[in-house]
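The values are calculated or read from the model by the stated rules, or taken from the named source; none is laboratory data. Because the structure is predicted, anything quoted here is derived from the model rather than measured. No Cβ is skipped: glycine too gets one built from the backbone with ideal geometry, and neighbour counts run over all protein chains shown.
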Amino acid sequence: MSSFVNSKHQKLLKDEIVAIAAKETGGKYTAEQIKASLMAEIQNANGLLMQEGNTLFIIHKSPDRPDVGVFRALNADTIQNYLKNCLVFTKAIGLMGFKYIVTVFDDPSLINIFKHIGRNQPFKNMGYAVQRTTDGQYKVTVSLGDAKKGGLPDNAQPKTQGAL
């Protein structure tokens, strides 16, 4: 039985998302290991953490190209909400000044997320490419097309209205 939680009914805390994502992916790491890794990434590796619904997104700027980000997602939301969360993340990351984002994963079903984003592009002229890595994983590079730095993603509050 799935333990995903519909964020339209209940917004989870970051620790809860990590615990559910660890369980659902059946990964090699415990929730505690993932949480420790996230903390190290945010504090020591200048990673950015964004929560949309019951999904956490972690992104790092490339040291060589500040317009390129490497990201991953930890999801505890329903599939429909996860797709929406990914669209909001993509738009937010484009507005932050990223031009390309890259991720690597094992599960081929996740390619459907990029197909969904391709059909619902937050920016004109977006595209993506899927490659297989030497160890059999999937590497997806997303071009954010005509994304321009500045502005706010949908439903975002400016700092003057209480946002962090």
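Remarks
- Close pairs from region 133-146: first among the charged types (D, E, K, R), partner surrounded by 15 or more Cβ atoms within 10 Å (Cβ to Cβ) and assigned to a loop (DSSP other than H, G, I, E, B), Cβ under 7 Å, at least 6 apart: D146/F123
- Exactly one residue out of E16, E41 is at pLDDT 90 or above and over 14 Å from the mean Cα position of the chain (by Cα), and it is E16.
- Criterion violated by Y138 - all others in (1) surrounded by 19 or more Cβ atoms within 10 Å (Cβ to Cβ); (2) in contact with a strand residue (DSSP E or B) (Cβ under 8 Å, 6 or more places away or on another chain) satisfied: (1)
- The residue that is farthest from K23 (Cα to Cα), counting only those in region 65-83 that are of a type in the set (S, T, N, Q) and in contact (Cβ under 8 Å) with a residue 24 or more places away in the chain, is N81.
- Those residues of region 139-152 which are in contact with a helix residue (DSSP H, G or I) (Cβ under 6 Å, 6 or more places away or on another chain) and over 18 Å from P66 (Cβ atoms), in sequence order: V140, G151
- Pair list, Cβ under 6 Å, 6 or more apart: region 6-28 residue closer than 12 Å to T55 by Cα and in contact (Cβ under 8 Å) with a residue 12 or more places away in the chain, other residue in a loop (DSSP other than H, G, I, E, B) and of a type in the set (A, V, I, L, M, F, W, C): L12/V5; L12/A76; I17/A76; I20/A76; A21/A76
Here's the yes/no breakdown for (1) under 19 Å from N54 (Cβ atoms); (2) at pLDDT 95 or above:
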residue	(1), (2)
R65	no, no
R72	yes, no
K99	no, yes
S109	yes, no
S143	no, yes
G151	no, no
D154	yes, no
L164	yes, no
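- Inter-residue pairs, beta-carbon under 6 Å, first modelled with pLDDT under 95 and in region 44-61, second β-branched (V, I, T) and assigned to a strand (DSSP E or B), 6+ apart: G47/I58; L48/I59; L49/I58; H60/V70
- When N54, N120, N112 are checked against the criterion of being closer than 27 Å to K8 by Cβ, surrounded by 15 or more Cβ atoms within 10 Å (Cβ to Cβ) and of a type in the set (S, T, N, Q), a single residue qualifies: N54.
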